[in-house]
Amino acid sequence: MRGISGFMGLVALCMLGSVALAASPLDGTQWQIKLTTSAVKTPSEDRIRFEKGRFTSPLFKPKGFSTSNYTLTEEKDGPVIWETMQTSEAEGTLSWHGELGGDAMHGVASWRKPDGAVVNYNFAGSKVVEPSAPKPKPKTPEPKPKTPEAKPKAPTSP
C-alpha cells in the first residue's frame, strides 16, 4: 500500500512539473487593443505585450505602471483567462483581467487611483502578427556568357 501511494505521489509530482514547464499561449505575443470608458468618448489604443511571463502596457508605462507578472488559467473546453496587477507609486493600482479566444481578446482594466476613485476600462483587440522577414532567394548559378563557337573550317581545295 505504501508503495502505491509513493508511486501515485511521484506521478502527481511529474504531472505538476510538466504543467509548470508548459509554455503560455500568450508568451511572446503582442495585442493591439482599444480601451473604452464611459467617461471618455474616444477610445485609447495600446499594444500590450506578453514576454517570458511578464506583461507590459506602453499606454500606462509613462504613468509609472511598470512591467508585471501575469497569471494564466486554462480550463478544459473553456476560455483562457489571464490576469495581472500593476502598481504605480504616484497613480495607484491597475488590475487587468482578459479572456483569450483564438486571435481575439477582450476584458476589463480597472484603475484604482490613490484618492480611491476607480476608472473601469473595457478593452478588445486582436493579436499582432508581425510580417516575417523575406526569405532569401536561393542562389541560382548565373548563366555563363555564350562564347561564339568556332566554326569548322571548310576544307580547302588543292
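Every number in this text was worked out from the coordinates using simple rules, so none of it is lab data. Source: prediction; values computed, not measured. Positions of Cβ are backbone-derived with ideal geometry, glycine not excepted, and every protein chain shown enters the neighbour counts.
The overall shape of the stretch 29-68, judged from the alpha-carbon gyration tensor, is oblate: a/c is not under 1.5, and a/b is no greater than b/c.
How big is the Rg/Rh ratio for the stretch 39-135, C-alpha atoms only, Rh by Kirkwood, two decimals?
Numbers: Rg = 14.7 Å, Rh = 14.7 Å.
For the stretch 39-135, the value is 1.00.
Residues whose amide H comes within less than 5 Å of that of V128, counting only those at least five positions distant or on another chain, are Q30, W31, Q32 (H built at 1.01 Å from N in the peptide plane). Seen from P25, the other residues with C-beta closer than 12 Å to its C-beta sum to a net charge of -2, counting Lys and Arg as +1 and Asp and Glu as -1.
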